[in-house]
1. Please work out which residue is nearest to residue 140 (Cα to Cα), limiting yourself to the range 172-191 and to residues that are buried (at least 20 other Cβ atoms within 10 Å of the Cβ) and among the polar types (S, T, N, Q).
2. Among the residues of the range 205-254, what is the count of those that are farther than 23 Å from residue 113 by Cα and either part of a helix (DSSP H, G or I) or touching a Pro at 6+ places or on another chain (Cβ under 9 Å) (or both)?
3. Which residues, taken from the range 43-67, are of a type in the set (S, T, N, Q) and free of Cβ contacts under 8 Å to residues at least 24 places away in the same chain?
4. Here is a list: 214, 203. Which entry is farther than 15 Å from residue 36 by Cα, among the small types (Gly, Ala, Ser) and surrounded by fewer than 20 Cβ atoms within 10 Å (Cβ to Cβ)?
5. Any residue that is buried (at least 17 other Cβ atoms within 10 Å of the Cβ), acidic (Asp, Glu) and closer than 27 Å to residue 207 by Cβ - is there at least one of those in the range 75-89?
6. Of the residues in the range 1-48, how many are in contact with a Gly (Cβ under 9 Å, 6 or more places away or on another chain) and part of a helix (DSSP H, G or I)?
7. Quick one: in the range 132-175, of everything that is of a type in the set (Ser, Thr, Tyr) and part of a helix (DSSP H, G or I), which residue is nearest to residue 111 (Cα to Cα)?
Amino acid sequence: MNTVDLKNFSLDELEAFITGTGKERFRARQIFKWLYQKDARTFGEMTNLSREFRQELERTTFISDLEPEVVEHSADGTKKYLFRLSDGVTVESVLIPEEDRTTLCISSQVGCAMGCEFCLTGTFRLTRNLTTAEIVNQVCAVKRSDPVRNIVFMGMGEPLHNLDNVIRALKILTDPDGFQFSNRKVTVSTSGLVPQMRRLGEAVTVNLAVSLNATTDEVRGRIMPVNRTYPLAELLAACRAFPLPSRRWITVEYVMIRDLNDSLEDARRLVRLISTFPSKVNLIPFNEHDGCTFRTPTQDAIDRFHKYLLDKHVTVITRSSRGSDISAACGQLKGRLETADGARESDPQKRATHESGGICNG
C-alpha cells in the first residue's frame, strides 16, 4: 500500500526523498510545480517525467486531495467550505472577498485545545492535528474555483499547537516553486503560545496576528486559559522579540465583549500594552449566538473604543461581520451539520459562538 503522501513534503524534503530513490534532484522541483502550480492530481499529468518514473511513483507514493463536501454561499460573496478528511472528521475554510483581494481562512487542527470561552471551535475539543497535506489541500481545493490573494491561519485550531506541520505548509505556500504566495500575503494567528512564536519567527517569514482580547491578566485568564501559562508580560515580550521585516507590524486581534473588555479604560490599557512594538489593531465586535453568555458591545462603545485608539495614533480597523447568513463563524457549519447527523451532542449554553479572534467571524 502506498503510504507516502507527496504533499506532506516541503521542497527540501521532497528533494531529499527523490534523491534517496536515485533520481536527480531537479525532478523534485518538477513534481513540486506540478502539485502546486498546475494542481496535478495524478502522476499521469506530469508529462515531463518519464513513464517509468511515473509508474515508480505510483507504486510507492500517492497524491492526496480534498473536495468540499458542502459549500455555502453568502449574499455578501463569502463562501464557507466543509471538508471531510480521510478518517471521517471535518474541518472548515472560509473565502472572504474584498474590493481588491480575496482572503482564504484555513484550519490547522480538527477542533482546538485552547478552550477560549468565546470560541465555538473550542467546544469540539481537540481531535487531532491536520497533516501538512490536509492544510495545503484546503488551498488547492478553493483555488480551483476562485482566485486567492491572501492566506490566513485563523480557522479551526491553534496553528502554533501544530507548529511543525504549519511551518512546512507555510514553506509550500511561499515557495517560488510552490504556491508562490508573497510572505506579505500570509498571516498566522495565535492565542499566545510564546515558545512557538519564537520558533515560527526563526523558521519562516510571515505576518503574525496575536489574539489579545483583554488588557489585564485577570480578564484574559478568565476567557483564555493560555494566559495562565503565558501571561501578558511574557506574551508582549514575545511580540517585541518577534522578527519583523522592515515596515511590517503585528496584528493585535481584540474581540470586544460587552461589559467585559469594551470600556475606555480597556482602550487606554491596550494602547499602553502595544506601544513597544509595531502593531495595528483589529477590533472584532463579539458575534452573539443563541444561548451564549457574552453579548455584543453597543455601537456607542465600539465607536468610543475605536476613536480613542485613532486619537492615540494607533492604526485600527473595526471588522464588520461577514457571511452571517451562512454560519461563517468558525465551527458553525461543522457544528450544525454534525449535530443534524447526530454525530455530536451540543449544549449551546456552555459556549458562545465566535471564532477565535480570527477573520472568519460570522
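The values are calculated or read from the model by the stated rules, or taken from the named source; none is laboratory data. Computed from a predicted model, the values in this text were never measured in an experiment. Don't worry about glycine lacking a Cβ; one is built from the backbone with ideal geometry, like all the others, and counts go over all protein chains shown.
1. In this case the residue turns out to be 174.
2. The total comes to 9.
3. Passing the criteria: 47, 48, 50, 55.
4. 203
5. Checked against the condition, which is being buried (at least 17 other Cβ atoms within 10 Å of the Cβ), acidic (Asp, Glu) and closer than 27 Å to residue 207 by Cβ, the range 75-89 yields no hits at all.
6. Taking the range 1-48 and keeping what is in contact with a Gly (Cβ under 9 Å, 6 or more places away or on another chain), we get 10-11, 32-33, 35-37.
With the extra rule that they be part of a helix (DSSP H, G or I), the set shrinks to 11, 32-33, 35-36.
Count: 5.
7. Out of the qualifying residues, it is 132.
A quick yes/no check of all residues on (1) assigned by TED's automatic domain parsing to the domain that holds residue 95; (2) surrounded by fewer than 14 Cβ atoms within 10 Å (Cβ to Cβ); (3) closer than 23 Å to residue 85 by Cβ; (4) modelled with pLDDT of 95 or more:
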| position | (1), (2), (3), (4) |
| --- | --- |
| 24 | no, yes, no, yes |
| 28 | no, no, no, yes |
| 35 | no, no, yes, yes |
| 38 | no, yes, no, yes |
| 44 | no, yes, no, yes |
| 47 | no, yes, no, yes |
| 50 | no, yes, no, yes |
| 53 | no, no, no, yes |
| 56 | no, no, no, yes |
